[in-house]
């Protein structure tokens with residue numbers, strides 16, 4: 001799994017523009033959260049099934065988006081699921 005962390009302008013179009021980068025690649029995030037701060041939006045997106053190189057390309061594309069101020073990506077372990 002890969003976690004993308006994006007800081008974006010506090011604009012109504014920021015979240016759809018970020019989501020569109022994943023939609024263009026037919027990727028459905030496992031989770032997507034957004035917090036609105038006084039100066040910017042913090043968006044976190046977790047996607048499963050990506051190769052490291054593919055995740056790096058997406059991070060670069062996110063950084064090139066008009067509304068994005070900063071983006072980074074990190075590999076993360078999937079959460080443990082308890083049987084029951």
Revision key, fill the gap. In degrees, nearest 10, the alpha-carbon axis of helix 14-23 is tilted away from the dominant principal axis of the alpha carbons of the chain by 40
Point to revise | By average C-beta atoms within 10 angstrom, highest first, the peptides 5-11, 34-40 | key: 5-11, 34-40
Review point. Calculated from DSSP H runs of 4 or more alone, at -39500 (n - 2.57) each and per residue, what is the 222 nm mean residue ellipticity of the chain, nearest 500?
Key: -8500 deg cm²/dmol
Exercise for review: Please give the length that would be gained between residue 3 and residue 19 if that part of the chain were fully extended, namely 0.36 nm times their separation in residues minus their C-alpha to C-alpha distance (nm, one decimal).
Suggested key: 4.4 nm
Exercise for review: Quote the relative contact order of the chain in percent (integer), defining contacts as alpha-carbon pairs under 8 Å separated by 6+ residues.
Suggested key: 46
Exercise for review: Quote to one decimal, in nm, the extra length available between residue 56 and residue 27 on full extension: 0.36 nm per residue of separation minus the C-alpha distance between them.
Suggested key: 9.0 nm
Study note, to complete from the structure: Taking the convex hull of the alpha-carbon atoms of the chain and averaging its shadow over every direction gives an area in square nanometres of 6.2
Check your understanding: Does anyone have the angle between helix 52-64 and the longest principal axis of the chain? Alpha-carbon axes, 0 to 90°, nearest 10?
Key -> 20
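No value in this document is a laboratory result; all are computed from the given coordinates. Predicted model, so just to flag it, every value in this text is computed and none were measured. Positions of Cβ are generated from backbone atoms using ideal geometry, with glycine treated the same way; all protein chains shown enter the neighbour counts.
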